[in-house]
Amino acid sequence: MNTAAATAAVAVKAALPRRNLDALQRQLFIYAQDLRDLMEQQTLLQQRYQLVLQSHGRNTQSADVLLGAIPKTIEQYFVTDSQGEIVRASPGAQRVFASGGPELKGKFIWQFIHWSHLEMVTKLLAGFVGVGATGALEQRKLVMKDSATQRNIIYDALVMPVRKLDRLEIFWLLNAEVQSDLSDIENQNLMLMSSDCAEGLLITDADGLVCSVNPAFSKITGYSGADIVGDNPRVLSSGRQGTDFYRSFWTYLIDAGSWTGEFFNRKKNGHIYTEWKTVRAVKNESGATVSYISAMVDITHRDSEAQQLADLAYHDSLTGLPNRRLLESRLTQAIANASRDGTNFCVMYIDLNRFKPINDEFGHEVGDQVLREVSARLQTTVRQSDMLARVGGDEFVILLQSPVSDEDAYSIASSVLNALNAPIQLADGKILTIGVSIGGARYPVDGDDVQTLLKNADAAMYGAKRFGLEFSFFETGNTVHPVADLGFEIWKALERRELYLLYQPQVTPDRTHKLRGCEVLLRWKHPLLGDVSPLTFIPIAERNGAIVALGYWVFETACQQLRKWQSGGLPHLSLSVNISSRQLQDPQFTERISHILLINGIHPSSLELEISEADAMQYLQDGRSRLSQLREMAVKIAIDDFGSGYSSLSRLGSLSVHRLKIDRNFVRDLTQSTAANAICECFIGIAGAMGMEVTAGGVESKAQMDLLASQGCNLVQGLLTGKPMLADEFLAWALPTERQPSESV
Ligand code: C2E
Ligand code: MG
């Protein structure tokens, strides 16, 4: 950093503590974030284990420090990287998980986690990576397997991300907690006795979690001990016996101490079987239940005819899918589970748009072929935990059983649409397209009983159909006008030509107000909702990936417009285009941008890409990144909303950034707050010393502009000097003395 920059940097630090608490907090955050995260994690640890962790010096940035702080009494812990590879294991963990065998280091945590918990753990790690590992900490019940004996142990696990230099490490602190009250000897004796027993035996603890099973149980159900220990026997449920059945089963068992009767359960391979079962509660000396033992035999063969009839009663004969009856029973069960666990789930109603005309025109045989094909395609889109049912002629329902976010639902609806919108080729070579409408209802917000959920999913589907949408969630009190789901609609916006661009002038802050460039701002006019703000739809498009396609459209349309303007009287005008990090992840980004510039005859130096501070640090540091390649072609890079993030000016300077755009919040406070004033001055001073230009955004008053001009700001943009305008309007504004013909594209 040269002298001017250093002086200005000192001025920033001097100005902040005195004048502006917000700015001070932001700056402090830059220096202290890592330290604070670590201390938060330590505090939580302290609460959980009621152990005093010593405080640490300023350089405490890694798991090593935490390891030093863990008392020797906590024997089992791992440190893994973000992929789950074990980089360190305590001797206690080594003893339990490798039984004195080979080193755990280098192995993956996945092989020690029970299969039923794999998905949960994968999501957990993905979440840590996603949030940048700042202070998140999770406490979970985790079933883990000892690799030598395959014994399952239920742990109370504390899982936390820890930053080590620029790497993420995950710290797993384990505490074996859930154990059966049966003593080991009792358990061993029982299992010895049961290993030769012809009846299936299953032992649970008082909470109903499986502690052990015998070989006959595994033979009947297909579940080995490793599969099921630690789970609730509910995994066996076939859905044929509703909540009333289970309620009376438990009432009887608790009152009488034992129960005998028939269960319809599902094997690991999905087949339903009938078991004759006795369940007995085992009590300790003081009369408290410590365990349940179930003995069972498979009696399916005794009533296979009845079974077939039952299958017919619960399944659709054309497609083999569960019918409405079975769906309703599953829904009842899903509601009971979700209400007990405080979770949610979603029901999707799917209707084929052109099935009736196809059936009428080509006959029932063709109709049946279409339905079988649709059912086969739908089965490829649902997850293993979901249920697909056919509930009417051309109506299907998907029950997304595990907790789902709206995003998950969009993504499944999107796969359903992809699957069903592809043409169907019939046996005689005929090709048909059917089209589909989907409505979604979420438990509990859109209904908390079976009939309401199905009715509302159906209403949402009709709403979607009526408004020409392909998917809609149910909106309470708004069945006639379902609100479009933006995540879904944004994909369609391009094709329906609902997007357009505005251009906002960037001018010099002196009296001449010379026009130098314009920022391109994307707009979306939705047919039902009207104008949707980019602050709403851009983050959605970033999350679901639509931003990549939208971004190229913005870029192409703006370049075509610029070419017209440059050859029509504004030869020196340049374009500032906003770019999100998701766009930079597209491998084609550099090629496509250079191609669009080339075919429109635009010199790369007329283009400026506006990216956020965080993205700039990430994408400019690596010399091989797409941004660096473009910068080498003379495309300029501007850091948007500078000051709202936490990057340091000196690092930005070393990355050849061309321009800083000062966050409009600083500009807003410029004339009222001496701190904001000092900060702007410092930004402009340091940027100038490092060869960067500065644009101030959101300039609304002459006082703000004059102050910025006196501080040496290069360009201003805001309502004072020019609002965002349509292309025609912009040209008329830029060349006020001449009357221009329509030039917009
Ligand atoms: P931004 O890049 O900071 O854009 C400047 C925003 O300030 C625009 O909001 C503009 O309309 C608004 N603005 C302009 N003059 C004034 C003023 O004097 N006072 C105030 N208070 N605001 C002013 P807009 O158009 O709503 O855009 C919001 C954000 O959406 C943009 O912030 C940008 O991050 C994003 N965005 C807009 N178009 C695109 C695009 O094509 N691609 C991407 N990736 N993001 C875009
Ligand atoms: Mg911008």
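Numbers at a glance
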read-out: Efficiency of FRET between Ser656 and Trp110 - r from beta-carbon atoms, R0 51 angstrom, step 0.05; value: 0.75
read-out: Rounded accessible area of Tyr252 (nearest 10 Å², 1.4 Å probe); value: 130 Å²
read-out: Fraction of accessible area attributable to carbon and sulfur, the range 489-734 (%, probe 1.4 Å); value: 51 percent
read-out: Surface share of carbon and sulfur [accessible, 1.4 angstrom probe, percent] for the range 319-483; value: 49 percent
read-out: For Glu262, solvent-accessible area (1.4 Å; no DNA, RNA or ligand), Å²; value: 70 Å²
read-out: Set of the range 529-571 residues, backbone N closer than 12 Å to the point 7 Å along the Cα-Cβ line of Ile599; value: 553, 556-557, 560
read-out: Spin-label model distance (nm) - Glu591 vs Gln425, 7 Å beyond Cα toward Cβ; value: 2.9 nm
read-out: Full-extension gain in nm, Ala732 to Lys283, via 0.36 nm per residue minus C-alpha separation; value: 152.8 nm
read-out: Ranked packing of 271-277, 528-534, most packed first, by mean Cβ within 10 Å; value: 271-277, 528-534
read-out: Solvent accessible area, Å² - His603, 1.4 Å probe, full protein context; value: 110 Å²
read-out: Mean Cα-pair separation over length for the range 319-483, i.e. relative contact order, pairs under 8 Å, 6 or more apart, %; value: 26 percent
read-out: Cα gyration tensor shape for the range 489-734, rounded if a/c is under 1.5, else prolate or oblate; value: rounded
read-out: FRET efficiency, 1/(1 + (r/R0)^6) with R0 51 Å, evaluated for Met120 and Thr433 via beta carbons; value: 0.80
read-out: Segment Thr536-Ala206, extension gain: residue separation times 0.36 nm, minus the distance between their alpha carbons; value: 113.9 nm
read-out: Accessible surface, per residue, of the range 489-734 when the full set of protein chains is kept, probe 1.4 Å, Å²; value: 42 Å²
read-out: Surface per residue (accessible, 1.4 Å probe) for the range 319-483, Å²; value: 42 Å²
read-out: Of Lys267/Lys356; Lys268/Lys465; Lys141/Lys219, those spanning more than 31 Å from alpha-carbon to alpha-carbon; value: Lys267/Lys356; Lys268/Lys465
read-out: Where labels lie 7 Å past Cα in the beta-carbon direction, separation of His513 and Ser339 in nm; value: 6.5 nm
read-out: Simple label model, 7 Å out from Cα along Cβ direction - Asp408 to Arg234, nm; value: 1.5 nm
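The values are calculated or read from the model by the stated rules, or taken from the named source; none is laboratory data. Quick caveat, the model's predicted, so the values are computed rather than measured. Every residue, glycine among them, receives a Cβ derived from its backbone with ideal geometry; neighbour counts consider all protein chains shown. Surface areas here come from the heavy atoms of the whole protein model, side chains and all, with no ligands, DNA or RNA. Shrake-Rupley method; radii C 1.70, N 1.55, O 1.52, S 1.80 Å.
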